[in-house]
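Below is one structure, written out as structure tokens; the observations come after it.
No lab work stands behind these numbers, since they all come straight from the coordinates. A quick note: this is a predicted structure, and the numbers were derived from the prediction, not measured. When we count neighbours, we look across all protein chains shown, and the Cβ atoms used for this are built from the backbone with ideal geometry, even at glycine.
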Amino acid sequence: MRIKRGEAKRARKKSVLKQAKGYRMSYHKLYRRAKEALLHSGQYSYAHRRRRKSQIRTEWIRIISASLVNTDLSYSKFMNALTTKNINLDRKVLAEMAVNSPEQFAKVVEAAKA
């Protein structure tokens, strides 16, 4: 007895083409191309979700470093001073402090210098 796949196949194709909506050229029209594009886009999404974490951390470092320009400390010396003084503030908190409450950040810098 032969197997008829009309409904399932049509539903799968419809689903793939719906997900590929907005893709350029034949990648949103042709099933095979759309499926291929979705596989690649899924891999990129997965990798970039992980890369986003390091990009955010880099941004925190930039903010902290920019806030330290007026002081005589570099970023690396500042972070080393924090660890030696046992001041346990992570980069996220320090960057937030530098942007929203510079006076508090200045106190932390002074504590690290002392």
*So which of Ser45, Ser26, Ser54, Ser41 ends up being of a type in the set (Ser, Thr, Tyr), within 28 Å of the chain's Cα centre (by Cα) and surrounded by 11 or more Cβ atoms within 10 Å (Cβ to Cβ)?*
Ser41
*asked:* Condition first: closer than 23 Å to Ser45 by Cβ and either among the basic types (Lys, Arg) or in contact with a helix residue (DSSP H, G or I) (Cβ under 7 Å, 6 or more places away or on another chain) (or both). Now tell me which residues in segment 1-25 satisfy that.
replied: Arg12, Lys13, Lys14, Val16, Leu17, Lys18, Gln19, Ala20, Lys21, Gly22, Tyr23, Arg24
_Residue pairs meeting the criteria (Cβ under 7 Å; at least 6 apart or on separate chains; first touching a residue at least 24 places away in the same chain (Cβ under 8 Å), in segment 51-63; second basic (Lys, Arg) and in a helix (DSSP H, G or I))_ = Arg57/Arg91; Trp60/Arg91; Trp60/Lys92; Ile61/Arg91
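Confirm whether Lys77 is surrounded by 13 or more Cβ atoms within 10 Å (Cβ to Cβ) and in contact (Cβ under 8 Å) with a residue 12 or more places away in the chain.
Working: surrounded by 13 or more Cβ atoms within 10 Å (Cβ to Cβ): yes; in contact (Cβ under 8 Å) with a residue 12 or more places away in the chain: no.
Considered against the rule, which asks whether it is surrounded by 13 or more Cβ atoms within 10 Å (Cβ to Cβ) and in contact (Cβ under 8 Å) with a residue 12 or more places away in the chain, Lys77 comes out as no.
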*Would you check which residues across segment 12-56 are in a loop (DSSP other than H, G, I, E, B) and closer than 30 Å to Lys92 by Cβ and list them?*
none
